1. Has segment 71-93 got any residue that is aromatic (Phe, Trp, Tyr), farther than 27 Å from Val179 by Cβ and modelled with pLDDT of 80 or more?
2. Name the pairs whose Cβ atoms lie under 6 Å apart, with the first residue in segment 43-55 and outside the structural domain of Gly8 (by TED's automatic domain parsing) and in contact (Cβ under 8 Å) with a residue 40 or more places away in the chain, the second in a helix (DSSP H, G or I) and surrounded by 15 or more Cβ atoms within 10 Å (Cβ to Cβ), and 6 or more positions between them or separate chains?
3. Between residues in segment 72-89 that are among the β-branched types (Val, Ile, Thr) and residues that are at pLDDT 85 or above, which pairs lie under 6 Å by C-beta distance while being six or more apart or on different chains?
4. Tell me, please, whether a residue that is closer than 21 Å to Asp102 by Cα and among the hydroxyl-bearing types (Ser, Thr, Tyr) can be found in segment 121-135.
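The values are calculated or read from the model by the stated rules, or taken from the named source; none is laboratory data. Remember, it's a predicted structure, so these values are computed and weren't measured experimentally. Quick reminder, even Gly has a Cβ in these numbers, built from the backbone with ideal geometry, and neighbours come from all protein chains shown.
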Amino acid sequence: MKVRTIIGILLIVAGAWKLANMWGIIENDWLWRQPWTTYVAPALLLYVGATTIVDSYRRDPDQWLQRPLPIGEDGKRVCCSVRYGGDEYVYHGETFHGARLDAFCGGIRMDLREAVITEDEEIDIHTFCGGIELFVPTHVNVVVKSRSFIGGVGNSATRNADPKAPTLHIVADNFLGGVEVKN
């Protein structure tokens, strides 16, 4: 466990301890006698603790577990499901035949920049408190259809002017989650 994670956990425990004192679950008024500590200190401790933990994972280059491509039952379509973590899937010249990506309180990073895409394909995405980062090649068109509740899809992929180019159809259902499409 990293030092930042331990510090974050300690700060969250301190904030929760203060809230338990305020609600009468424990008694330790001798520790919190200053008037500013009533609401500012627990909020500050919780914020700093949570930020420290999140930053420790964001800055860790090994947070994404590189996994082999999980081919589905049909032998072509990739099926990826993540719960409470982060997985990365990278194509190195393999043919892409569509995907289903599910992220529940976690994230998926899929790199299709070197994938062989010769026809229109569909990527079906479902997120709940999670996110998906999708890197697409510049030679394909991207069409996004999204149903999101407190979430969304960001498409910053460059548009291909060739109408005969293959198209990636991205169908995303997001609940407190998001998808980012880029080159």
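1. Applying the first criterion (aromatic (Phe, Trp, Tyr)) to segment 71-93 yields 84, 89, 91.
Next cut, farther than 27 Å from Val179 by Cβ only: none.
Checked against the condition, which is being aromatic (Phe, Trp, Tyr), farther than 27 Å from Val179 by Cβ and modelled with pLDDT of 80 or more, segment 71-93 yields no hits at all.
2. Note: no pairs meet the criteria.
3. Hits for this filter: Val78/Ala99; Val82/Ala103; Val82/Gly106; Val82/Ile108.
4. Of segment 121-135, the ones closer than 21 Å to Asp102 by Cα are 121-135.
Next cut, among the hydroxyl-bearing types (Ser, Thr, Tyr) only: 127.
Yes - at least one qualifying residue is present in segment 121-135.
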